[in-house]
1. Name the residue, out of 309, 313, that is surrounded by fewer than 24 Cβ atoms within 10 Å (Cβ to Cβ), within 13 Å of the chain's Cα centre (by Cα) and under 23 Å from residue 34 (Cα atoms).
2. For residue 215, only one of the following conditions fails: (1) modelled with pLDDT of 95 or more; (2) crowded, with 24+ Cβ neighbours inside 10 Å; (3) in a strand (DSSP E or B). What is its number?
3. What residue, among those in segment 32-68 that are over 16 Å from residue 176 (Cβ atoms) and in contact with a helix residue (DSSP H, G or I) (Cβ under 8 Å, 6 or more places away or on another chain), is modelled with the lowest pLDDT?
4. Which of the residues spanning segment 131-155 are surrounded by fewer than 24 Cβ atoms within 10 Å (Cβ to Cβ) and in contact with a helix residue (DSSP H, G or I) (Cβ under 9 Å, 6 or more places away or on another chain)?
5. Which one of the conditions (1) part of a helix (DSSP H, G or I); (2) under 24 Å from residue 58 (Cα atoms); (3) touching a strand residue (DSSP E or B) at 6+ places or on another chain (Cβ under 8 Å) does residue 237 fail to meet, given that it meets all the rest?
6. Go through segment 40-50 and count every residue that is surrounded by fewer than 16 Cβ atoms within 10 Å (Cβ to Cβ) and touching a strand residue (DSSP E or B) at 6+ places or on another chain (Cβ under 6 Å).
7. Which residue pairs have Cβ atoms under 6 Å apart, sit 6 or more places apart or on different chains, and have a first residue in segment 134-157 that is at positive phi and modelled with pLDDT of 95 or more and a second that is surrounded by fewer than 24 Cβ atoms within 10 Å (Cβ to Cβ) and not in a loop (DSSP other than H, G, I, E, B)?
8. Just for segment 158-198: of the residues that are out of contact with any strand residue (DSSP E or B) (no Cβ under 7 Å at 6 or more places or on another chain) and under 27 Å from residue 284 (Cα atoms), which one is surrounded by the most Cβ atoms within 10 Å (Cβ to Cβ)?
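The values are calculated or read from the model by the stated rules, or taken from the named source; none is laboratory data. None of these values were measured; they are calculated from a predicted model. Cβ sites come from the backbone with ideal geometry, for glycine too, and all protein chains shown count toward neighbours.
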């Protein structure tokens with residue numbers, strides 16, 4: 001009897017360590033798969049159909065893609081640590097003069113799309129600098145239903161949209177890109193996306209038409225000042241830009257890959273940029289570095305964004321930056 005007891009007691013630490021090791025390995029495997037990039041190519045015919053579908057009346061009637069959750073049931077729990085601060089793309093501008101308050105900026109815009117059930121929806125997005133000069137940053141749920149669902153269709157971006165004014169034209173997507181952690185698992189920690197746009201009606205690429213573009217930034221401290229911009233549908237029926245400026249922080253120490261901040265932007269703001277080093281300008285050319293996107297908000301009304309990492313959002317950007 002004593003011998004049995006001794007063997008059992010000796011085995012307990014081994015089982016605990018073995019179990020923890022197995023959990024860590026499963027988490028690493030899940031994160032490696034969740035970080036994989038996925039894309040959805042859109043034909044020229046589909047792009048033309050999107051342009052024809054989105055009449056001013058349908059744009060006005062589209063609903064917001066609102067998501068309120070308390071936690072992320074699909075994200076494995078581990079201690080998340082801040083990573084090295086890296087600027088992957090510098091902002092682009094042919095303009096000067098930084099203002100002292102936040103004006104409407106042409107680097108932010110409104111996203112329109114249909115889902116597989118035929119519903120018409122709106123999100124927010126922003127112009128980012130890239131060699132192909134045609135990239136929009138937004139949220140994963142603004143391009144794909146998530147959790148094994150379908151890609152959205154009839155996808156448009158209108159920079160500096162304001163009460164149906166489209167000063168730089170309308171751009172149809174030809175490629176939607178996001179992360180497998182969103183498409184397969186619906187994890188808010190991987191709710192990031194980039195869309196590649198065709199030219200507007202004048203044959204201009206997105207960055208050339210707008211004249212400015214945000215940079216892209218990954219890593220750095222969880223706690224830093226962000227300017228968040230979006231088109232909330234509780235304000236002017238999603239027809240105008242609104243913003244918040246404030247400090248972010250890690251959502252929780254065991255809630256990996258999400259940052260949060262106190263901000264009252266509501267549905268319709270999904271996909272809008274979280275900008276660092278924002279430089280405002282009265283002529284509408286304010287810009288900064290996209291360091292996150294509005295993903296969801298918690299039960300207390302705080303906004304959340306994925307924490308951009310070089311191996312995840314950085315890899316997604318580099319994979320598609322050349323068009």
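1. Answer to the check: 309.
2. The single condition residue 215 does not satisfy is (2).
3. 67
4. Initial filter on segment 131-155 (surrounded by fewer than 24 Cβ atoms within 10 Å (Cβ to Cβ)): 131-133, 145-151, 153-154.
Residues satisfying the conditions are 132, 133, 145, 146, 147, 148, 149, 151, 153, 154.
5. (3) is the only condition that residue 237 fails.
6. Qualifying residue count for the region: 1.
7. 154/50; 154/53; 154/114
8. 162
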